[in-house]
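Here is the structure we will look at, set down as structure tokens.
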């Protein structure tokens with residue numbers, strides 16, 4: 001069954017902002033304000049739902065209220081796109097309260113990354129909706145003095161045009177620097193950027209298939225449930241996030257364990273190729289170890305592996321429509337999306 005594609009985003013359209021997981025924005029309101037001002041200056045209208053400015057414990061609100069905001073955003077005729085405020089750890093709590101039928105009947109652009117991966121997989125399997133793994137309000141659209149051009153360029157290519165994104169070039173520079181939002185250090189200067197050395201192929205080869213994936217520890221919440229999608233003949237992308245200590249990356253040992261889970265569950269045997277995003281806050285030794293375990297966990301399947309894509313928890317980031325046709329080819333050093341994620345109508 002082909003996925004339902006939402007209509008493209010145009011100037012003058014309304015963007016709804018929800019917080020399905022963390023409520024961190026309540027403590028750093030300047031981030032939400034900065035992002036809203038940027039998007040308004042770009043010609044969009046902004047509608048903030050209650051969870052966008054609230055916090056209850058380690059989430060923005062109760063699971064029911066978080067789901068209520070998502071349901072209402074999809075059911076709101078004025079809203080053309082829904083962008084999540086930030087990730088977190090508890091998006092999975094909303095799943096039993098989501099109105100997947102209403103969401104299916106009202107396809108809209110739904111964008112976010114990290115813990116939002118849970119919702120991407122759920123909307124894919126339960127609402128037959130093509131969604132977008134891409135920037136969040138507080139993390140990318142609130143960047144000072146303005147969002148990084150690469151992030152905006154690929155967001156616009158993915159959701160503002162009915163043409164396929166086409167060949168994806170690696171960014172010229174990247175960063176995983178943290179400027180303390182609570183101390184408002186992000187308002188004092190831009191983050192320091194590092195030269196990007198481009199794509200690296202851990203295993204050579206060429207593969208084409210449907211693009212699927214997300215933040216590795218987040219999608220694994222759904223393994224064995226009805227929300228887990230079919231990865232047969234997919235090009236899978238994986239985002240390696242920070243750990244609970246935001247100054248450190250996800251432990252390599254944990255990544256190794258999760259990759260083993262994917263193998264035992266049969267997912268790695270289904271996919272035709274693998275794209276791995278640049279890990280955040282990793283030492284050179286950890287990067288070397290990560291590459292080693294990626295090869296070890298896929299050695300049986302001999303699939304091509306593209307490493308170091310602009311996916312996820314370093315900046316800038318891509319906007320990737322889940323469910324479009326993708327191609328990776330080490331011989332031409334290319335990563336390409338040959339199908340659009342939105343329609344012109």
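Read-outs throughout are calculated quantities, based only on the coordinates presented, and are distinct from any laboratory measurement. None of these values were measured; they are calculated from a predicted model. Note that each Cβ is placed from the backbone with ideal geometry, even for glycine, and that neighbours are counted across all protein chains shown.
Miscellaneous remarks
- Whether the chain is rounded, prolate or oblate, judged on the alpha carbon gyration tensor where a/c under 1.5 counts as rounded: rounded
- Per residue, the average separation of C-alpha pairs within less than 8 Å and at least 6 apart gives the chain a relative contact order of 21 percent.
- Convex hull volume of the Cα atoms of the stretch 1-147, normalised per residue: 89 Å³.
- Model label sites at residue 208 and residue 41, defined 7 Å from Cα along the beta-carbon direction, differ in position by 4.2 nm.
- Separation in nanometres of the label points that stand 7 Å from Cα toward Cβ, at residue 284 and residue 243: 2.1
- Highest average packing first - 108-116, 326-334, Cβ atoms within 10 Å: 108-116, 326-334
- Using a simple spin-label model with pseudo-atoms 7 Å out from Cα toward Cβ, residue 178 and residue 62 lie 3.2 nm apart.
- For the pair residue 223 and residue 293 in one chain, pulling the backbone fully straight at 0.36 nm per residue adds 23.1 nm over the alpha carbon distance.
- Judged by the gyration tensor of its Cα atoms, with axes a ≥ b ≥ c, the stretch 195-345 is rounded; a/c sits under the 1.5 cut.
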